[in-house]
Amino acid sequence: MLVAENLHKTYRRHAVRVPVLNGLNLEVKAGEFLSVVGASGSGKSTLLHLLGTLDAPDAGRVLLDGRRVDDLPGRERDALRNRTFGYIFQFYHLLPELNVLDNVLMPAYIGHSVVGWWKSRSRWRARALELLRKVGLTHRLAHRPRELSGGEMQRAAVARALLTNPRVLLADEPTGNLDAGTGGEIVRLLRDLNREDGVTIVMVTHNLEIVSATDRVVRMVGGVVTEDTPATPRPFPHPRLAAV
Amino acid sequence: MYKLLLCLRYLRTRYLAFICIVSVMLGVATLIVVNAVMSGFSTKLKDRLHGVLSDVVVDTDRPDGFVECDADGYPVPQRDEHGRVVFGPDGNPVPVPLSPEKAIERILASPAGPRIAAVTPTIESFAVLQFQFRGQTLTKPVRLIGVDPKGRAAVGGFSEYLVRQAGAEAPSFDLTTDALDRHDWNRHRAARSRVTEVPDFPPPKKLPPLPGFPDLPAPAPPVADLLAPPPPDQAAMNAQMPDARPAGVILGYTIAHFRYKDASGQVVEERALQPGDGVTVFAPGGEAGGMRPVWGSFLVTDYLKTEMSEYDQSFVYVPLEDLQRVRTMQGRCTAFQLRLKDYDRDKAFVTDQLRALFHPRSGAQVATWEERQGSLLAAIDVEKGILNLLLFLIVGVAGFSILAIFTMIVSEKYRDIGVMKSLGASSSGVMSIFVGYGLLLGAVGCALGTGLGLAITDNINGIERFLTEATGKAVFPRDVYYFKEIPTNVEPLRVLFVNLGAVGIAVVFSLLPAWRAARLHPVRALRFE
């Protein structure tokens with residue numbers, strides 16, 4: 001479904017070239033929960049940005065359902081990010097001025113004009129409330145992000161990413177800033193979404209203990225995929241995580 | 001939708017924005033107040049400048065008044081019974097005078113006639129006014145104007161400024177009984193002072209009796225005849241005597257009143273010339289080709305108070321026929337004052353027509369009141385323009401504060417911009433958030449500034465009084481301006497322009513930060529710590 005072909009990406013910082021991806025190839029199947037692991041600087045996040053059209057590769061292609069998406073005009077890539085991809089970040093990235101409900105509704109606000117929003121607002125509101133119920137935040141609707149705990153903020157971010165029913169969820173170290181217990185909750189939430197709603201998920205992490213919840217693990221070293229294995233079925237949550 | 005939401009949310013939650021709003025507000029309020037006061041001053045000044053000037057004035061530089069001209073504008077010379085040209089004392093031919101009646105007839109018969117509401121002849125001349133004040137003789141240079149009071153009142157800008165006969169439809173130079181009494185008292189006092197000045201002559205020597213005439217005893221002093229009628233009242237008698245009726249004069253208010261500051265700094269106004277007091281006017285005579293000083297005596301009957309110092313300190317009105325007599329120019333005049341039915345519509349047409357009637361070669365000029373005060377009116381406009389330009393720099397400063405604060409807000413919002421882009425916001429969308437934010441700040445600042453400006457304008461006299469009391473120094477010295485209150489005039493169109501300009505500046509100065517925000521690469525923005 002989502003295919004990366006021979007991706008190259010080099011960052012330039014003060015005239016120093018930092019190659020990040022060196023001919024990476026990857027295929028994500030529909031309905032798959034894929035985790036990408038690797039050391040810091042191995043290019044995991046860059047891969048995620050390229051897959052989600054947030055950034056363009058220097059060489060190579062990104063295909064969604066066989067259609068090349070990395071070189072689409074800006075407007076179409078914006079629409080793709082708005083409807084087809086959902087992002088979850090390590091630092092949640094909720095907008096501090098908005099309450100939880102408005103944050104979750106943000107993709108709908110972005111996708112609609114004032115009039116369009118006015119016409120469809122009740123539908124979106126119902127959808128947001130349903131998602132917030134699913135992530136267990138119905139009691140936090142009017143709260144600002146700063147009044148929430150890390151786990152709650154990440155759950156709100158998950159709800160935001162899911163609002164427009166994206167086909168692919170791109171999670172960049174979603175547990176990286178959470179304690180083990182809360183992180184486990186988030187991963188369990190993602191796994192449930194994958195299993196029950198069939199959302200394709202690509203999760204970048206360097207926490208090897210949470211990858212057991214995923215279907216497949218891709219290991220990256222030096223900007224290429226070095227290992228592509230089905231995840232070791234382990235009881236989840238991991239006994240050590242459960243103990244925390 | 002998100003643009004609107006975020007604009008409004010940023011407006012409510014960013015306290016930095018408050019600074020932008022306040023700076024725009026102060027700029028707009030200042031502009032509105034200054035414009036209102038400037039416009040008030042200029043409107044009031046224009047009213048006053050127009051004041052005693054009629055809409056259109058035709059006047060001549062010839063001291064002997066208008067003359068008949070040929071088609072080329074040259075004066076037609078007088079001829080004696082033998083057909084010879086009559087020459088004046090200066091050796092130039094004496095022209096045929098043009099009587100006011102004939103001139104008015106021609107004016108009204110011209111195409112401009114139907115557009116003229118009223119016309120009256122006047123004589124205008126420079127003169128020196130002399131009067132007695134506390135035992136001294138004082139002189140003042142004045143502008144002496146001979147008018148027919150009824151005709152002059154019909155042209156406008158005359159009777160409404162008179163102190164005693166304010167707004168009278170048919171003002172006159174007649175003296176009131178009080179004025180006549182005062183005149184009488186003055187005369188008696190002068191006579192008394194003259195008597196006391198007479199030196200004591202030695203008593204007449206008793207002459208020796210003439211031979212043949214008996215030396216009669218001195219006659220007995222007369223016994224008061226109690227039955228005789230009382231002597232008639234002198235003032236009443238004077239008033240009844242046609243020739244003894246002195247001509248009245250209407251003086252500019254400042255000529256007859258002295259204003260000065262007393263020891264405590266208070267402005268004191270002292271009346272130097274009461275109604276009934278006599279003044280003497282020296283003016284050039286009105287003969288062709290000769291310059292001969294003439295003078296006449298007049299009694300103060302009224303004052304002209306236009307509150308325009310230039311007029312109040314120089315205008316002296318006397319009856320037209322008296323001035324004609326004094327200047328020996330009976331049946332002639334030096335100017336015509338016209339009132340038009342619709343000044344703004346007809347001024348160009350009427351002046352053109354009149355210029356065809358009164359050729360400049362004969363010394364005549366036709367001018368509207370605006371042309372006469374052109375330099376002053378132009379100065380007001382220039383002053384207003386420059387002041388506006390300078391004041392707009394205030395809004396410019398507000399614009400720079402918007403630029404600075406927006407740059408700060410954009411750097412603060414780097415990560416949020418990345419998030420919005422990752423959620424599908426376009427670059428133009430991000431840009432319009434910040435441009436819209438600038439617009440919103442400008443609009444809110446303008447709305448508050450307009451409110452504040454109008455409130456200050458409305459209460460400017462109260463504020464001025466408060467400031468004067470608080471600082472002990474007059475902010476608006478009334479004796480300088482002759483205005484009782486600070487005049488204000490809010491022009492809605494100008495307020496609109498100020499608002500549009502301020503909003504425009506707010507938007508323009510938010511463009512650069514907004515563009516920077518839009519250009520921000522989402523990945524870099526997300527990584528921003």
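The values are calculated or read from the model by the stated rules, or taken from the named source; none is laboratory data. Because the structure is predicted, anything quoted here is derived from the model rather than measured. Positions of Cβ are backbone-derived with ideal geometry, glycine not excepted, and every protein chain shown enters the neighbour counts. Accessible surface is based on the protein model in full, side chains and every heavy atom, while ligands, DNA and RNA are left aside. Shrake-Rupley method; radii C 1.70, N 1.55, O 1.52, S 1.80 Å.
Per-residue Cβ counts within 10 Å, from other chains only, averaged over A:82-94: what number is that?
Average per residue, whole number: 3.
Ignoring ligands, DNA and RNA, what accessible area per residue does the protein assembly as shown give at 1.4 Å, in Å²?
Values: 38210 Å² over 773 residues.
On a per-residue basis, 49 Å².
Out of every Cα-Cα pair in segment A:100-163, what percent are more than 16 Å apart? Walk me through the intermediate numbers first.
Working: 783 of 2016 pairs.
Result: 39 percent of Cα pairs exceed 16 Å.
Show me, for segment B:256-268, the HN-Hα J-couplings you get by feeding each phi into the Karplus relation (A = 6.51, B = -1.76, C = 1.60, θ = phi - 60°), rounded to Hz, glycine and proline as x.
Rounded to whole hertz, the list is 8, 10, 9, 10, 7, 9, 7, 4, 8, x, 7, 7, 10.
Whose amide H sits under 5 Å from the amide H of residue B:248, counting only residues 5 or more places off or on another chain, with H placed in the peptide plane?
Amide H to amide H, under 5 Å and 5 or more residues apart or across chains, residue B:248 pairs with B:299.
Run the 1.4 Å probe and let me know the accessible area of residue B:47, rounded to the nearest 10 Å².
100 Å²
Need one value for B:415-421: mean number of C-beta atoms belonging to other chains within 10 Å of its residues' C-beta atoms.
Details: counts 5, 6, 0, 3, 11, 6, 5.
Mean inter-chain Cβ contacts per residue within 10 Å come to 5.
Given the alpha-carbon gyration tensor of the protein assembly as shown, what are the semi-axes of its equivalent ellipsoid in whole angstrom, ordered largest first, with each equal to the square root of 5 times an eigenvalue? All intermediate terms of the calculation are to be shown ahead of the outcome.
Numbers: eigenvalues 2092, 188, 76 Å².
With the √(5λ) rule applied to the protein assembly as shown, the semi-axes are 102, 31, 19 Å.
Counting pairs of alpha carbon atoms under 8 Å apart in space and at least six apart in sequence, what relative contact order in percent does chain B give? Can you show the working numbers first?
Numbers: 850 pairs, mean separation 156.3, N = 529.
This gives 30 percent for chain B.
Indicate, rounded to the nearest 5 percent, the antiparallel portion of the DSSP beta bridges found entirely in the protein assembly as shown. Could the numbers behind the result be given before it?
On the way: 74 of 103 bridges.
Percentage antiparallel, nearest 5: 70.
By the scheme Lys and Arg +1, Asp and Glu -1, what is the net charge of all other residues having a beta-carbon under 11 Å from that of residue A:19?
Charge balance in the 11 Å sphere: +2.
Other chains near A:160-170: what is the mean number of their Cβ atoms within 10 Å of each residue's Cβ? Numbers along the way, then the final one.
Details: counts 2, 2, 0, 1, 2, 0, 0, 0, 0, 0, 1.
Per residue, the number of nearby Cβ atoms from other chains is 1 on average.
Which cross-chain or sequence-distant (5 or more) residues have an amide H under 5 Å from the amide H of residue A:36, H modelled 1.01 Å from N in plane?
Long-range HN contacts for residue A:36: A:203, A:204, A:205, A:218.
For residue B:315, list long-range residues whose amide hydrogen, built 1.01 Å from N in the peptide plane, is under 5 Å from its own amide hydrogen.
B:143, B:252
With the cut-off at 23 Å, tell me which of the pairs B:150/B:341; B:46/B:305; B:347/B:484; B:305/B:341 have Cα atoms farther apart than that.
Details: B:150/B:341 18 Å; B:46/B:305 16 Å; B:347/B:484 32 Å; B:305/B:341 26 Å.
Over 23 Å apart, Cα to Cα: B:347/B:484; B:305/B:341.
Averaged over all directions, how much area does the convex hull of the C-alpha atoms of chain B cover when projected, in nm²?
Dividing the Cα hull surface by four gives the mean projection, 46.5 nm².
Efficiency by 1/(1 + (r/R0)^6): what FRET value for residue B:512 and residue A:11, r their Cβ-Cβ distance, R0 = 35 Å, to the nearest 0.05?
Once rounded, the FRET efficiency stands at 0.85.
Residue by residue, what Karplus-based ³J(HN,Hα) values in Hz, rounded to whole numbers, does segment A:207-215 have, using 6.51, -1.76 and 1.60 with θ = phi - 60° and x for Gly and Pro?
8, 5, 7, 8, 5, 5, 7, 9, 7
Near residue A:9, which lysines are there with a Cα under 26 Å away, not counting those fewer than 8 places off in the same chain?
List returned: A:29, A:44, B:421.
How many nm is it between the label spots at residue B:210 and residue B:393, if each spot is 7 Å from the Cα in line with the beta carbon?
Spacing of the two 7 Å Cα→Cβ label points: 10.0 nm.
Residues with beta-carbon under 11 Å from that of residue B:424, excluding residue B:424: net charge, scoring Lys, Arg +1 and Asp, Glu -1?
So the environment of residue B:424 carries a net charge of +3.
Give the lysines whose C-alpha is closer than 18 Å to that of residue A:119, dropping any in the same chain fewer than 8 places away, or say none.
Those lysines meeting the cut-off are B:3.
In the full protein assembly as shown, how much of residue B:484 is accessible to a 1.4 Å probe, in Å² to the nearest 10?
150 Å²
Ordering A:196, B:68, B:412 by how much accessible area each has at a 1.4 Å probe, largest first, what is the list?
Descending order: A:196, B:412, B:68.
Which of the aspartates and glutamates could a cross-linker span from residue B:140 if the Cα-Cα distance has to be under 13 Å and same-chain partners fewer than 8 positions apart are dropped?
B:312
Arrange the residues B:386, B:255 by how much accessible surface each exposes, largest first, with a 1.4 angstrom probe.
The most accessible residue leads, giving B:386, B:255.
Using θ = phi - 60° and the Karplus curve 6.51 cos²θ - 1.76 cosθ + 1.60, what whole-Hz ³J(HN,Hα) does each residue of segment B:334-346 get, with Gly and Pro shown as x?
Result, rounded to whole Hz: 10, 7, 10, 9, 10, 10, 9, 6, 9, 4, 5, 6, 9.
Just read off the accessible area of residue B:375 with the full protein assembly in place, 1.4 Å probe, to the nearest 10 Å².
Approximately 100 Å² for this residue.
When DSSP beta bridges are limited to those with both residues in chain B, what percentage is antiparallel, rounded to the nearest 5? Don't skip to the answer; put the middle values down first.
Numbers: 51 of 61 bridges.
Around 85 percent of the beta bridges assigned by DSSP in chain B are antiparallel ones.
Leaving ligands and nucleic acids out of the surface, order A:127, A:13, A:146 by accessible area at 1.4 Å, largest first.
If we order A:127, A:13, A:146 from most to least accessible, we get A:146, A:13, A:127.
Apply 1/(1 + (r/R0)^6) to the Cβ-Cβ distance of residue B:76 and residue B:291, taking R0 = 25 Å, and write down the FRET efficiency to the nearest 0.05.
Result of the calculation: an efficiency of 0.65.
Got the relative contact order for segment A:100-163 handy, in percent, Cα pairs under 8 Å and 6 or more residues apart? Intermediate results must be reported in sequence, preceding the final value.
Numbers: 54 pairs, mean separation 35.3, N = 64.
In percent, rounded to a whole number, it is 55.
So which chymotrypsin sites (Phe, Trp or Tyr not before Pro) in segment B:3-64 pass both tests, a DSSP loop state and at most 12 other Cβ atoms within 10 Å of the Cβ?
B:15
Grab the beta carbon distance between residue B:268 and residue B:22, set R0 = 41 Å, and tell me the FRET efficiency rounded to 0.05.
Values: r = 45 Å, r/R0 = 1.10.
E(calc), rounded to 0.05, equals 0.35.
Okay, helix-only estimate at 222 nm for chain A: each DSSP H run of n ≥ 4 adds -39500 (n - 2.57), divide by all residues, round to 500 deg cm²/dmol; what do you get?
Details: 7 runs with 82 residues, N = 244.
Helices in chain A give a 222 nm mean residue ellipticity of -10500 deg cm²/dmol.
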